[in-house]
Amino acid sequence: MKTVFYQSVCKKSYGFEESRTDFPMKKRVRLFLSDVSLVAPQHLCGKQNINMKRVILFILIAWPVFAGAQLKIKGQVKNNLVQLAWANVILTNPEGNLVKGTLTKDDGSFDLDVKKGLYKIRVSYLGLGDWEKNLVLEDELDLGTIVLTEKPGQLQGFEVFARKKAITYKADRLIFDVESSIAASAGDGVSAISAAPGVVVQNNTISMLGKGSSAVMVNGRMLELSGNDLISFLKSIPAKDIRSIEVISNPPAKYEAGGSGGLINIILKKGTRNSWKNSTALSYDQNSYGLATLSNNYSYHKNKIGFSVSGSGTSGNSKLRQELDTDYPSGPWKLTYDGKQKEDKLSGRMAFDYDLSDQTSIGLQYQGNEQRPDSKDFVGIRIYNPNMELDSLLINQGERALRSGSQAYNAHVISRLDTLGRKISADLDYFSYHSKIDNRFVANVFSPDMIFLNTNQAARNVSGRRIENGSVKVDVEYPLKFMSLSYGGKLSFVKSNGEIQYFNTISGTAVIDAGRSNEFRYRENNQAIYVNGVKELNPKLSIQLGLRLENTDTEGESATLNQRNKNSYLKLFPSLYFSYKENKHHFLFSYGRRINRPDFAVLNPFRSYINSNSYSEGNPFLKPSFGDHLDFSHVYKGVWRTNIFFNLIRDGYGPVFSSDPATNTLVLTRENYYKEQYFGLGENFSLQLISCWESQNSIYLLGSKSKFINQIKASPENTAQLYLSTNNTFSLGKSTKLQVDYSYSSSFKKGLYEIGAMSGLNIGLQQSLLKNKMQLSLLMNDVFNQNYLKNYRSVVNGIRQVYSENNSSRFFRISLNYHFGNDNLTVKRRSFGNDDERKRTN
């Protein structure tokens with residue numbers, strides 16, 4: 001009965017989607033309570049309408065009020081002597097149309113605020129007979145105790161076994177359930193994101209297939225990080241703390257416009273109401289080295305209080321390997337890098353929520369981590385003459401000490417204004433990130449028979465960065481009779497300070513080299529407002545329109561170079577969605593404009609030395625790129641999805657590998673160098689050929705057309721790419737699950753680069769023990785060691801470079817997870833000390 005009430009009444013009256021029935025029963029009921037609040041705050045109700053006042057930029061508060069005196073209907077529902085929580089209470093008019101509905105509280109009580117009139121009230125509970133009564137309401141009414149009795153011949157109990165869907169398709173996003181994937185559920189945030197369909201993590205960049213670089217959020221809050229910094233932060237989040245990952249290719253206007261490749265939203269787990277639960281996980285990874293992780297998560301929710309705390313620690317090492325071939329006119333250089341990197345890190349998270357009333361709740365969140373990924377590096381460069389004879393060897397040995405960490409704080413308030421779903425929420429966020437690298441290296445030159453010739457370079461390169469971001473955000477949901485409206489605003493302030501100190505140690509004494517040292521300061525302020533409207537034209541067709549206006553001011557300053565660069569731009573970002581349903585067919589169309597802002601680090605104009613003959617150089621004149629994205633999808637029976645997309649990128653920027661043939665020096669820079677069209681056709685489908693085998697599959701044909709827009713000495717090349725993946729889960733019993741995943745990407749050319757073919761096979765086994773309180777998982781990741789970046793080619797200034805990177809792609813993991821708790825906490829409501837006096841005022 002609860003399910004029927006939620007689906008039929010809520011969808012008809014409030015426009016909710018039936019797809020929300022994939023939530024567990026209690027979670028669906030809580031969703032109903034949060035979306036359809038039934039008691040308006042007293043300070044908002046009265047005999048006079050309160051008109052909505054002017055919307056102030058960035059602080060958007062609307063307190064709508066409706067005319068008409070309200071009378072209260074209240075009562076308490078029991079089954080014999082047991083108070084019934086979550087019972088349905090439905091109030092209809094004489095024509096049978098819904099007026100209001102609610103669910104009883106934990107003590108079985110309920111109350112409704114309505115006008116005078118004729119009504120019929122019905123109280124129901126799953127497995128019990130309904131209670132009904134006709135009402136003539138002229139004054140406040142206390143129905144007293146309502147007793148529901150069992151239906152004759154009622155079934156006493158039953159068990160239902162069901163599997164969660166690994167992938168759920170929504171109008172504007174794909175939702176990947178992390179717990180359903182053995183490969184994703186026992187690693188960290190990076191491994192969980194990598195397992196999401198259509199998401200690719202390469203070269204410290206997270207992107208969607210065919211969409212470009214993606215921005216990342218945690219619980220809907222943007223992370224102002226990218227590149228190495230973003231990867232380091234995500235590695236601090238245990239996958240066991242992640243419930244799901246939302247892949248949003250064309251985000252609505254509510255979300256920031258940053259990220260040409262859309263948004264990836266990490267949804268962390270929350271505790272169940274009126275329960276406490278503890279989960280402990282231990283995992284061990286074995287590649288060339290060993291890596292162990294221990295994490296624990298505790299959550300407690302009772303009455304008005306919700307609290308959770310989690311911690312994780314990792315210790316061990318991983319293997320790094322990179323190769324780079326550079327064809328200089330004087331002869332090729334073949335570089336091989338082998339590194340052993342520590343993976344020592346600690347992380348923690350806390351969250352506290354409190355219900356001030358049935359309408360208003362407040363909350364605080366904290367997340368922090370500290371990491372020490374030190375490494376010992378060995379770089380060997382074989383130098384050949386034009387006749388391909390080995391001329392000499394350049395051996396670079398070094399040690400890199402790295403410290404990094406972050407702190408994230410959030411305070412929020414959510415208030416439901418009335419029974420029509422009007423809601424206002426405000427968030428105050430602060431985020432800080434710091435890192436320090438101490439890199440010492442010595443480069444020696446040897447003859448082909450390993451006779452020492454000279455020391456090419458010896459140096460100590462010390463760099464540090466600190467990023468701080470503060471923001472305030474207000475969102476309002478304001479459903480109207482003719483459409484559902486939402487609007488809001490955000491203020492964001494970013495500070496990034498970095499410094500590089502280069503010491504020449506070839507003499508044995510560290511001497512500062514001022515020409516290779518620098519301090520860089522960067523500021524970015526962003527102000528945004530948005531409005532978004534959803535209109536259901538008829539039961540089959542709906543449309544959503546959004547506009548987001550963002551103003552950005554940036555300033556970068558190099559103290560050493562005495563150089564300052566300012567930039568300011570005001571841009572409008574529209575979005576449009578169509579949804580049409582006809583029987584088993586669902587058609588979806590979306591359009592959105594996005595911006596891709598440069599990382600803070602790449603705006604620093606100074607050089608950071610990678611090794612003795614190569615360095616990375618920033619570009620303070622780098623501009624953001626803009627993209628227009630169109631997406632069309634057809635979903636058949638909810639399991640077959642055909643997708644066509646087209647992206648147009650303007651002022652595209654990215655890394656450019658260039659070489660100086662005079663000095664045989666390799667330089668990595670970033671440039672706005674291309675305009676690109678990117679398009680694709682794909683099919684996603686779910687299969688369940690037999691009851692114990694569930695399969696999720698994707699196949700895409702992708703293409704591009706590029707044009708270089710600056711004086712880069714290279715020519716664009718473009719070819720087609722074939723991508724396919726299959727994720728298969730086999731239920732070998734009620735408590736045993738086998739997972740086999742495979743992906744393949746053909747080699748292809750895109751603009752400046754050519755990328756070699758990649759393929760990966762993952763095999764996992766999960767066994768549930770102790771009445772599902774414990775899970776034992778085994779995983780072999782990338783069985784054939786082929787799922788890594790290889791043959792990454794470019795030709796600039798007539799010099800060809802080929803790069804490959806394999807950082808422990810193949811590994812074996814064993815993990816053990818144990819959880820326990822109590823889902824039946826006794827809930828007590830404290831009585832008011834003046835209850836008798838209050839009753840006398842009725």
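The values are calculated or read from the model by the stated rules, or taken from the named source; none is laboratory data. Worth saying up front: this structure is predicted, and the values here are computed from it rather than measured. Note that we place each Cβ from the backbone using ideal geometry, even for glycine, and neighbour counts take in every protein chain shown.
General remarks:
- Residue match in the range 632-642 (condition: surrounded by 22 or more Cβ atoms within 10 Å (Cβ to Cβ) and either part of a strand (DSSP E or B) or in contact with a Pro (Cβ under 9 Å, 6 or more places away or on another chain) (or both)): no
- Restricted to the range 103-139, and to residues there that are of a type in the set (S, T, Y) and closer than 12 Å to G75 by Cα, the residue that is surrounded by the fewest Cβ atoms within 10 Å (Cβ to Cβ) is S109.
- Residue identified as more than 27 Å from N317 (Cα to Cα), surrounded by fewer than 20 Cβ atoms within 10 Å (Cβ to Cβ) and modelled with pLDDT of 90 or more among L428, L402: L428
- Matching entry among S357, S275, S283, S318 (being of a type in the set (S, T, N, Q), at pLDDT 90 or above and over 24 Å from the mean Cα position of the chain (by Cα)): S318
- Residue satisfying condition, being assigned by TED's automatic domain parsing to the domain that holds E468, out of contact with any Ser or Thr (no Cβ under 7 Å at 6 or more places or on another chain) and either within 18 Å of Y803 (Cβ to Cβ) or of a type in the set (G, A, S) (or both), within set K376, K304, K334: K334
- Qualifying positions in the range 572-599 - out of contact with any Phe, Trp or Tyr (no Cβ under 9 Å at 6 or more places or on another chain) and in contact (Cβ under 8 Å) with a residue 60 or more places away in the chain: R597, D599
- Meets criteria (within 29 Å of N817 (Cβ to Cβ) and crowded, with 18+ Cβ neighbours inside 10 Å) for Y788: yes
- Residues in the range 296-305 include none that are in contact (Cβ under 8 Å) with a residue 40 or more places away in the chain and closer than 30 Å to I383 by Cα.
- Residue within the range 673-690 that is out of contact with any Leu (no Cβ under 9 Å at 6 or more places or on another chain) and within 20 Å of V602 (Cβ to Cβ) present: no
- Index of the failed condition, Q677 passing every other in (1) surrounded by 15 or more Cβ atoms within 10 Å (Cβ to Cβ); (2) at pLDDT 90 or above; (3) within 20 Å of F632 (Cβ to Cβ): (1)
- Per the listing N822, N718, the residue uniquely over 26 Å from the mean Cα position of the chain (by Cα) and modelled with pLDDT of 95 or more is N718.
- Of the residues making up the range 744-785, just one is in contact (Cβ under 8 Å) with a residue 40 or more places away in the chain, surrounded by fewer than 16 Cβ atoms within 10 Å (Cβ to Cβ), of a type outside the set (A, V, I, L, M) and closer than 30 Å to L816 by Cβ, namely K773.
- In this structure, P539 qualifies as not polar (S, T, N, Q) and not in a strand (DSSP E or B).
- From the list L701, L724, the lone residue that is of a type outside the set (D, E), over 30 Å from S659 (Cβ atoms), at pLDDT 95 or above and assigned to a strand (DSSP E or B) is L701.
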